[in-house]
Amino acid sequence: MFRIRRIYDQVLPRNKAALKQCEEILRAYFKAVPQAELERLAEKLQNPLKTGFRSILFVAEDGRRKVLGLALLYHDPQRHFSFLDYLVTGNQLRSSGIGGALYERVREVAVELGARGVFFECLPDDPARTPSPEMLKENIARLRFYERYGARPIVNTLYELPIRPAARCTPHLVFDGLDRGEPLAREFAQKAARAILVGKYGHVVTPDYVRDVVGSFHDDPVKLRELRYHKPKALTTEVPPLPREPIALVVSQRHAIHRVSDRGYVESPVRVSNILAALEPTGAFERIEPKHFGDGHITAVHDNGFVSYLRRACELMGTEESLYPYVFPIRNKARPPKELTVRAGYYCIDTFTPLNRNAYLAARDAVDCALTAAGELLEGRRIAYALVRPPGHHAERGAFGGFCYFNNAAIAAHYLSQHGRVAVLDVDYHHGNGTQEIFWERPDVFTVSLHGHPSFAYPYFSGFADECGAGPGEGFNLNLPLPEELDGEGYRKALAKALRAVKDFGPAFLVVALGLDPARLDPTGTWTLRADDFAANGRLIGALGLPTLVVQEGGYRTRTLGANCRAFFDGLLAPSAV
């Protein structure tokens, strides 16, 4: 058994190991490929548009993470074609198995990206142009394999013209029309041939050589070689829809035990059940059981004394009672209040976030869910969703509030930061004061928040535009406070600005603190975003192409909560993010 996985970068240890195996496979298969070219494989993934092509690498791995084959595809978004540079497996590209699975994935992605066809090179199956019987046999097998998908060499051109006079085993340029039923237009083929020759051979060919080859495309439409190995009815030309990698969905298993029945307390268990009811029928999510992580992950971002107090205070509460902070002593680290009831105000920022027996248990379980989802990214998953409650982005290093006890997004971001720089994008209606405070002096985690201006929106004391971090973290916090009345179009303009800043930071991971309270008629907000606005926001975020962890924050209009969440993920999975 094997699975096809896309490698996006060399940040993760698992990806680094896979890239090294890819280099070894290519070195063994293409002995003439220069070492420098092999080493550029990782660079092409990291700077996908540096040469004008977008680089897409797929690997076939077995259960032990051994790479069994690879396919390296380039996509030219301006000329709307794809170029398959390498497709290598241990089974010589036989018509089934690993080679077939890799090539089918290549075709699926090319269609998804809007390519009008896939070009690639194959060495000739002509005995007069092939140095040895062994190579001839291999070339025939390769061209027979691709012909089964309708891909055939272009004829009546000088593409096989040797770069050097003595060379004779020069490749065909092969074209796969992806079952579009369209003839290969000469102008399109010429543009693709020029881009391939310059991009792949620009260091060895002359401008005159490129001009002569491109100018030799006289037929319009360009002709392909007649079928040589298969009858028309035996071809496998249909390209099925691209099967997407499911989003890892980690749900707070004990979230429902945290139930506050007091009038006006909108952070209720129905929030999670409504979201699940909307997401699970889509088939786009895979439920992952949360793993337990040690308290060290919490105390890495939260004060030890605060964590200890929260645990002890909740343990001492009865099952049906809640303690609301009502006294807020000025924080004096040398003389904190001794009474637990008084000390609640020492650690809290408001009067409406209660302590009770189950608050700590639910918050602790939410942390495990966020870390489990982050771990899925480290395993190579592209998108993971921690559907948790209570939320977390208002929890500071040493304080709780705003329905938040532990800062799930910040804890997960710190965990990911051990493997690369992280951007935390907070799209909740309210400012993520806790996340800002935790990373205030850190340059490795960029925090950006879009929220209602603190002149009218909770938490009132933070979220101003001039708050940009301090010390080593100066310039690594961006606040975009927005007006009280705002529609989807106005929000997208601000989001585009935030995403430009994220892109300039160049993170390895993106953590999205997903608040759904910008929605129309949310009881805690004043904006008017609808489902199509959340979908548009998801598309903008997904277009960054980053490994993305989504952590649930606010959103309290339960009638539309599920639909808005589903729309957001539909956008996040849009083709622009492929």
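The values are calculated or read from the model by the stated rules, or taken from the named source; none is laboratory data. Computed from a predicted model, the values in this text were never measured in an experiment. Using ideal geometry, Cβ is built from the backbone for each residue, glycine included, and neighbour counts are taken over all protein chains shown.
Within region 435-466, count every residue that is touching a Lys or Arg at 6+ places or on another chain (Cβ under 8 Å) and not aliphatic (A, V, I, L, M).
The number of residues fulfilling the criteria is 3.
Sort through Ala141, Ala189, Ala167 and tell me the only one that's closer than 27 Å to Leu235 by Cβ and free of Cβ contacts under 8 Å to residues at least 40 places away in the same chain.
Ala189
In region 533-578, what residues are modelled with pLDDT of 95 or more, among the hydrophobic types (A, V, I, L, M, F, W, C) and more than 14 Å from Val512 (Cβ to Cβ)?
Ala535, Ala536, Leu561, Ala563, Ala567
Output the residues belonging to region 456-471 that are surrounded by 12 or more Cβ atoms within 10 Å (Cβ to Cβ) and not aliphatic (A, V, I, L, M). If you could, list the steps in order and put the result at the bottom.
Here is the first cut: in region 456-471, the residues surrounded by 12 or more Cβ atoms within 10 Å (Cβ to Cβ) are 457-460, 462-464, 467-470.
Selection gives Tyr458, Pro459, Tyr460, Ser462, Gly463, Phe464, Glu467, Cys468, Gly469.
Quick test for you: out of His431, His453, pick the one residue that is within 25 Å of Arg389 (Cβ to Cβ) and touching a Pro at 6+ places or on another chain (Cβ under 8 Å).
So the residue among His431, His453 that is within 25 Å of Arg389 (Cβ to Cβ) and touching a Pro at 6+ places or on another chain (Cβ under 8 Å) is His431.
Restricting the search to region 425-443, which residues are closer than 16 Å to Val512 by Cα and either surrounded by fewer than 24 Cβ atoms within 10 Å (Cβ to Cβ) or touching a Leu at 6+ places or on another chain (Cβ under 8 Å) (or both)?
Leu425, Asp426, Val427, Asp428
Of everything in region 380-420 that's aromatic (Phe, Trp, Tyr) and assigned to a strand (DSSP E or B), which residue is modelled with the highest pLDDT?
Filtering region 380-420 down to residues aromatic (Phe, Trp, Tyr) leaves 385, 400, 403, 405-406, 415.
Okay, now just the ones that are also assigned to a strand (DSSP E or B), so 385, 400.
Values: Tyr385: 98, Phe400: 95.
Top of the filtered list is Tyr385.
I'm told Val214 meets every condition in (1) part of a helix (DSSP H, G or I); (2) farther than 24 Å from Tyr103 by Cα; (3) among the hydrophobic types (A, V, I, L, M, F, W, C); (4) without any contact (Cβ under 8 Å) to a residue 24 or more places away in the chain except one. Can you identify the failing condition by its number?
It fails just one condition, (4).
Take region 109-126 and flag every residue that is of a type outside the set (A, V, I, L, M, F, W, C) and either crowded, with 19+ Cβ neighbours inside 10 Å or assigned to a loop (DSSP other than H, G, I, E, B) (or both).
Let us first name the residues in region 109-126 that are of a type outside the set (A, V, I, L, M, F, W, C), namely 112, 114, 116-117, 121, 124-126.
Matches in region 109-126: Gly114, Arg116, Gly117, Pro124, Asp125, Asp126.
Quick grid of which residues meet (1) more than 30 Å from Gly420 (Cβ to Cβ); (2) of a type in the set (S, T, N, Q):
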position	(1), (2)
Arg530	yes, no
Pro547	no, no
Thr558	yes, yes
Cys565	no, no
Phe568	no, no
Leu572	no, no
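Among the listed residues Asn564, Asn477, identify the single one that is touching a residue at least 12 places away in the same chain (Cβ under 8 Å) and either within 22 Å of Ala374 (Cβ to Cβ) or not assigned by TED's automatic domain parsing to the domain that holds Glu396 (or both). I'd like the intermediate steps shown before the answer.
Numbers: Asn564 fails: either within 22 Å of Ala374 (Cβ to Cβ) or not assigned by TED's automatic domain parsing to the domain that holds Glu396 (or both).
One residue alone meets the criteria, Asn477.
Scan the strands (runs of 3 or more DSSP E) fully inside region 44-94 and keep the ones with 1 or more residues being within 21 Å of the chain's Cα centre (by Cα), of a type outside the set (Ser, Thr, Tyr) and modelled with pLDDT under 85. Lay out the reasoning, then the answer.
Numbers: elements: 54-61, 67-76, 81-89.
Here the list reads 54-61.
Please list, ordered by residue number, the helices (runs of 4 or more DSSP H) wholly in region 288-350 having 2 or more residues that are modelled with pLDDT under 85 and not assigned by TED's automatic domain parsing to the domain that holds Ala395. Even if it seems obvious, please write down each step before you answer.
On the way: elements: 296-299, 304-315, 340-347.
Output list reads 340-347.
Considering region 539-553 alone, what residues qualify as being buried (at least 19 other Cβ atoms within 10 Å of the Cβ) and in a loop (DSSP other than H, G, I, E, B)?
Leu546, Pro547, Glu553
Would you check which residues across region 523-538 are surrounded by 24 or more Cβ atoms within 10 Å (Cβ to Cβ) and either touching a residue at least 60 places away in the same chain (Cβ under 8 Å) or part of a strand (DSSP E or B) (or both) and list them?
Gly525, Leu529, Asn537
Looking only at residues in region 351-379 that are charged (D, E, K, R) and in a helix (DSSP H, G or I), which one is nearest to Pro459 (Cα to Cα)? Give the derivation first.
Here is the first cut: in region 351-379, the residues charged (D, E, K, R) are 357, 364-365, 368, 376, 379.
Remaining after also requiring in a helix (DSSP H, G or I): 357, 364-365, 368, 376.
Details: Arg357: 25, Arg364: 23, Asp365: 25, Asp368: 26, Glu376: 32 Å.
Ranking the qualifying residues of region 351-379, first place goes to Arg364.
Search region 62-77 for residues that are closer than 12 Å to Phe119 by Cα and pair each with any residue that is assigned to a loop (DSSP other than H, G, I, E, B) when their beta-carbon atoms are under 7 Å apart and the residues are at least 6 apart or on different chains.
Tyr74/Phe53; His75/Phe53; His75/Leu113; His75/Ala115; Asp76/Gly52; Asp76/Phe53
If you go through region 257-287 one residue at a time, how many are in a helix (DSSP H, G or I) and polar (S, T, N, Q)?
Initially, region 257-287 is screened for residues in a helix (DSSP H, G or I), giving 257, 270-282.
Next, only the ones that are polar (S, T, N, Q) stay: 273-274, 282.
Qualifying residue count for the region: 3.
Among the residues of region 470-484, write down those that are aliphatic (A, V, I, L, M) and outside any strand (DSSP E or B). Let's see the steps before the verdict.
Our first condition is that a residue be aliphatic (A, V, I, L, M); within region 470-484, this holds for 470, 478, 480, 482.
If the condition is that a residue be aliphatic (A, V, I, L, M) and outside any strand (DSSP E or B), then Ala470 is the only one that fits.
I need the full set of residues from region 182-193 which are modelled with pLDDT under 95 and either under 14 Å from Thr157 (Cα atoms) or not assigned by TED's automatic domain parsing to the domain that holds Thr157 (or both), in order please.
none
Among the residues of region 153-164, write down those that are within 16 Å of Phe83 (Cβ to Cβ) and either touching a residue at least 60 places away in the same chain (Cβ under 8 Å) or assigned to a helix (DSSP H, G or I) (or both). Quick ask: steps written out before the conclusion?
We begin by selecting, within region 153-164, every residue within 16 Å of Phe83 (Cβ to Cβ); these are 153-154, 159.
Residues satisfying the conditions are Pro153, Ile154.
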